[in-house]
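Some notes on the structure that comes next.
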Amino acid sequence: MKPKVTVQSLLNDVQNPTTVRNLCAENVTYVSLNYNNPDLHKIMPWCGTAHGVDAIIKTFHDVSEFWIVDSFTPEAIFSEDENVAVFGRFTYTSTRLKKSVTTPFAIYCKVQSGR
């Protein structure tokens, strides 16, 4: 599977642990919002650098406790060799405040074949 297709497949079903396990190496590194910011991690526990497939699965579980993802729309996806970049927007609603927000997102993945 080409890197771009791998990332598209992952994003289409990222909340499914079987999909994540099938598409990611056990030693995957996942960075959310920053590499290391302990203060931000206190209020958004999924922020920072994590390792392993379970880190990705846990991230989407943790996020779903605070936010309902109403829409997730990739608008452009580019790839060159093993590098894939995705740009888009998503709308989410706070589970506590019931407020909705639409925000852009950017994702960078390095996909290596032959795990």
List pairs: first in the stretch 36-54 and touching a residue at least 12 places away in the same chain (Cβ under 8 Å), second in a strand (DSSP E or B) and of a type in the set (Ser, Thr, Tyr), Cβ under 6 Å, 6+ apart or cross-chain? Trp46/Ser32; Cys47/Ser32; Ala50/Tyr30; His51/Thr29
(1) in a helix (DSSP H, G or I); (2) out of contact with any Asp or Glu (no Cβ under 9 Å at 6 or more places or on another chain): which one isn't true of Thr49, the others all being true? (1)
Six or more apart or on different chains, Cβ atoms under 8 Å: show the pairs whose first residue is in the stretch 87-115 and farther than 23 Å from Val20 by Cβ and free of Cβ contacts under 8 Å to residues at least 60 places away in the same chain and whose second is assigned to a loop (DSSP other than H, G, I, E, B) and of a type outside the set (S, T, N, Q). Thr93/Lys99
Against the definition (within 25 Å of Val111 (Cα to Cα), touching a Phe, Trp or Tyr at 6+ places or on another chain (Cβ under 6 Å), modelled with pLDDT of 90 or more and of a type outside the set (A, V, I, L, M)), how does Thr59 come out, yes or no? no
Hey, any hits in the stretch 16-31 for a residue that's outside any strand (DSSP E or B) and closer than 26 Å to Leu97 by Cα? no
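Residues checked against (1) loosely packed, with under 12 Cβ neighbours inside 10 Å; (2) under 15 Å from Gln112 (Cα atoms); (3) not charged (D, E, K, R):
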{"position": "Arg21", "(1), (2), (3)": "no, yes, no"}
{"position": "Ala25", "(1), (2), (3)": "no, yes, yes"}
{"position": "Tyr35", "(1), (2), (3)": "yes, no, yes"}
{"position": "Cys47", "(1), (2), (3)": "no, no, yes"}
{"position": "Thr59", "(1), (2), (3)": "no, no, yes"}
{"position": "Asp62", "(1), (2), (3)": "no, no, no"}
{"position": "Phe66", "(1), (2), (3)": "no, no, yes"}
For residues that are surrounded by 11 or more Cβ atoms within 10 Å (Cβ to Cβ) and under 17 Å from the mean Cα position of the chain (by Cα), tally how many sit in the stretch 94-107. 3
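The values are calculated or read from the model by the stated rules, or taken from the named source; none is laboratory data. The structure presented is a predicted model; accordingly, all values stated were derived computationally and were not measured. Don't worry about glycine lacking a Cβ; one is built from the backbone with ideal geometry, like all the others, and counts go over all protein chains shown.
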